[in-house]
Amino acid sequence: MDSSGQDVKARGALIAGASRGIGRALVETLLQRNDFDCVFAVARNWDGHSFPADSRLHTISADLTDDAARDALALTLSTHCKQLDLVINTVGFLHEPGGQQPEKSLKQLNMAALQHSFSINAGVPILLAQALLPLLRGHRHCVFASLSARVGSIGDNRLGGWYAYRASKAAQNMLMRTFAVEWKRLNRDSVCLLLHPGTTDTELSAPFQANVPEGKLFTTEFVAERLLAVIAQRSAADTGNFYAWDGEPIPW
């Protein structure tokens, strides 16, 4: 029990960006299992989104771009669990209706687009790791995974375009790889992973699905199962690496 007399559970999982898409499917999949005492579903907005009742589930509203909100989140979590054993960040930005879109050419790029993409795609995962670090220490297997994208691979970039999205995902990869090095000193059994989910049938990919090859547009349920399987296959020796949904490594 904690100082207030509340029962503090032993094992916890947190999904950021849990109100829809892959994040929601991950929460639903975890609730079908018995791996965790607590499952924390974090989202900026829960309007119209809910899960079936489950005593292990805690839904939390938090804007993860806000410093105070991340600190408040960490404090809330500490009252429910001693340590987080799994964190998966699915928060990301590609486009917005009537607003920022992926650039087709250099002339479409501007500072506002770069700053917005970097704030969400690179800033949120590393600053979430910073806020949660007290719950990630210890001497047991613990995973922090964040969704990246194959287009964030410098070595795999053969088509060009999508400047802000590509660069912000590449920046996330470097930030999380650097975090993996530091985290290893605090928890030898830590595993930090960058994951490419493949093209998934979500609002994020909806405007870009026309040219997706047959059989390559995945459901959120399939992707959730595959990502959790990839995570389960990884050990501390794999920390700081970048994998696709099928477990294949992706070049930086």
Residue 137 vs (1) within 20 Å of residue 73 (Cα to Cα); (2) crowded, with 16+ Cβ neighbours inside 10 Å; (3) of a type in the set (D, E, K, R): all pass except (2)
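Taking the range 202-212, which residues are exposed (fewer than 13 other Cβ atoms within 10 Å of the Cβ), at pLDDT below 70 and assigned to a loop (DSSP other than H, G, I, E, B)?
Selection gives 210, 211.
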Exactly one of 112, 145, 164, 129 is open to solvent by 20 Å² or more (accessible area, probe 1.4 Å) and either modelled with pLDDT under 95 or small (Gly, Ala, Ser) (or both), and that residue is 112
Among the residues of the range 215-233, is there at least one that is at pLDDT 95 or above, part of a loop (DSSP other than H, G, I, E, B), under 23 Å from residue 29 (Cα atoms) and within 19 Å of the chain's Cα centre (by Cα)? no
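For the range 45-69, give me each residue that is touching a residue at least 40 places away in the same chain (Cβ under 8 Å) and of a type in the set (Asp, Glu).
Residue satisfying the conditions is 67 alone.
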Pairs returned, first residue in the range 4-17 that is β-branched (Val, Ile, Thr), second residue that is at pLDDT below 95, beta-carbon separation under 6 angstrom, 6 or more apart or interchain, are 8/2; 8/82
Of the residues in the range 19-48 that are closer than 19 Å to residue 92 by Cα, open to solvent by 50 Å² or more (accessible area, probe 1.4 Å) and in a loop (DSSP other than H, G, I, E, B), the one that is modelled with the highest pLDDT is 44
Open item on the list: Can you find a residue that is open to solvent by less than 20 Å² (accessible area, probe 1.4 Å) and at pLDDT 95 or above anywhere in the range 52-61?
Closed with: no
### Task
Confirm whether residue 65 is part of a helix (DSSP H, G or I) and surrounded by fewer than 21 Cβ atoms within 10 Å (Cβ to Cβ).
no
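The values are calculated or read from the model by the stated rules, or taken from the named source; none is laboratory data. Since this is a predicted model, take the numbers as computed values, not measurements. Here Cβ is always computed from backbone atoms with ideal geometry, including for glycine, and neighbour counts include all displayed protein chains. Each accessible area value is taken on the protein alone, full model and side chains, heavy atoms only, with ligands, DNA and RNA left out. Shrake-Rupley method; radii C 1.70, N 1.55, O 1.52, S 1.80 Å.
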